[in-house]
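Encoded as structure tokens, the structure appears first; notes follow it.
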Amino acid sequence: MLAAVWHGAKDVRVEEVAAPGAPRPGEVVVAVDLACICASDLAEYRDGPHVIPVRRPHRLTGRTAPVILGHEFVGRVLEAGDSGLTAGDRVCGDACLRCGVCFWCRRGEYNICESGGSIGLHTDGAFARYLTVPGYTLHRVPDAVDDRAAAIVEPLAVGLHGLRRGRFEAGETVTVVGFGMVGAAVTLLAAAIGAGRVIVVEAAPDRAEAARQAGATDVLAPGDTLRGAVRELTEGRGSDLVLDCTGRADVLPVSVELSRRGGRVVVCGLAHEPSAIRADRLVYFEREVIGSLGYRYDHEAVLRLLASGRLDVSRLFAPAIRLEDIVTDGFEATNTSKLRIPVAIGEA
């Protein structure tokens, strides 16, 4: 079968690989229909490795590169093993691999498993016709949810987890800094589940317009007047909940300043450099800074929102591309303002 295999930075090859054999106990074989390119896939392509193991095998999967990329997908169960699923079930995936026995897994915090990994980074992923994954990662997709929406339940779950980590309450003002895919997920979900106001901070004009279409009540450009603009929209207080989705260390101090006294700042973006947050700006105003990694037990709630029609993600997608063209039309594409490029993999 054809697969998009990561060998190194700027070295993803669409090549023939062996199809998976019979699943081991607990595993499921999925025939992938559609998969989407994630920012983490792009990062590994452009200047990785970031998390793909190269020299030392991953402690849970035992894998090193090369590895098939892709962890946002929808498909149908081909072989269900002893998973409780049925052949033919349409499913989407939770990408988190976990040991199930460490301190954090026993607490239900599987997204911070001490041995944790990700499908498509630490083991083979969904940019191939067939995918073998643990059954615990799969969720049945309701008929009312189309394939494109099902394929991005995973990043939508990231957004929902960020809101939950920030203890979001209906009626609150939510400020979203950065309108990439996670920022879009937070914006859509906050609007769908009852935010009183959703402020998005975004510099790019096309993404600013997309934020308005996604339900933002206000879209602001970054700059020296940003803090004052947020306070003007919130009766001088600042935002109840700020979610920094930029992954930029220099932006985080700005995000802190957008929050009110007693406000919460959730860091969803992953920066790799130190950030100069002043402790006095936290202590004097009892602000909280909260990390948010991925998701845990969020997929089913996202699927219910999609099935109900309260969550419309149709504007997020560029036209689908072929797996054969994933490098030229996907990883190298610079001419799309859309947040997700779907890769058509199935035969239908």
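Here, each number is a calculation from the coordinates, and none is a lab measurement. Just so it is clear, the structure is predicted and the values come from calculations on it, not from any experiment. Positions of Cβ are generated from backbone atoms using ideal geometry, with glycine treated the same way; all protein chains shown enter the neighbour counts.
Some notes on this structure:
- Gained length - Arg237 relative to Glu286, 0.36 nm times residue gap less alpha-carbon distance: 16.3 nm
- Remark: the Arg56-Ile193 segment gains 45.0 nm on full extension, using 0.36 nm per residue and subtracting the alpha carbon distance.
- Overall form of segment 37-82 per C-alpha gyration tensor (a/c, 1.5; a/b vs b/c): oblate
- Largest-first principal axis extents, alpha carbons of segment 156-291, Å: 37, 32, 29
- FRET efficiency, Glu300 to Lys338 (Cβ-Cβ, R0 30 Å, nearest 0.05): 0.70
- A full extension of the chain between Arg278 and Arg322 corresponds to an added length of 11.1 nm, given 0.36 nm per residue minus the alpha carbon distance.
- Between Gly180, Gly238, Gly62, the Gaussian network model of the chain with springs among Cα atoms under 10 angstrom shows the greatest mean-square fluctuation at Gly62.
- Options Pro23, Pro66, Ala192, ranked by Cα towards positive dipole end of the chain, top entry (Cβ charges): Ala192
- Cβ-based net charge around Pro342, under 14 Å, with every Lys or Arg adding one and every Asp or Glu removing one: -3
- Average Cα contact separation per residue, the chain, under 8 Å, 6 or more apart, as relative contact order %: 18
- Listing Phe285, Phe103 from fewest to most neighbouring C-beta atoms within 10 Å gives Phe103, Phe285.
- Here the spin labels are modelled as points 7 Å beyond Cα on the Cα-Cβ line, and at Ala18 and Asp47 they lie 3.7 nm apart.
- Segment 120-146 and segment 186-228 have Cα centres separated by 31 Å.
- Cα-based convex hull volume of the chain per residue, rounded to whole Å³: 136
- Under the simplified labelling scheme, the Cys99-Met1 pair shows an inter-label distance of 3.0 nm, with each label point 7 Å from Cα along Cα→Cβ.
- For the options Val32, Val327, Val201, a Gaussian network treatment of the chain with springs between C-alpha atoms closer than 10 Å singles out Val327 as fluctuating the most.
- By the count of other C-beta atoms within 10 Å, a proxy for reagent exposure, Ile341, Ile326 are ordered fewest to most as Ile341, Ile326.
- Shown for Thr137, Thr328, Thr246, Thr61: other C-beta atoms within 10 Å of each C-beta, ranked fewest to most, produce the order Thr328, Thr61, Thr137, Thr246.
- From its DSSP helices (H runs of at least four residues, each -39,500 (n - 2.57)), the chain gives a residue-normalised ellipticity at 222 nm of -6500 deg cm²/dmol.
- Distance (nanometres) between label positions extended 7 Å along Cα→Cβ at Arg310 and Arg107: 2.9
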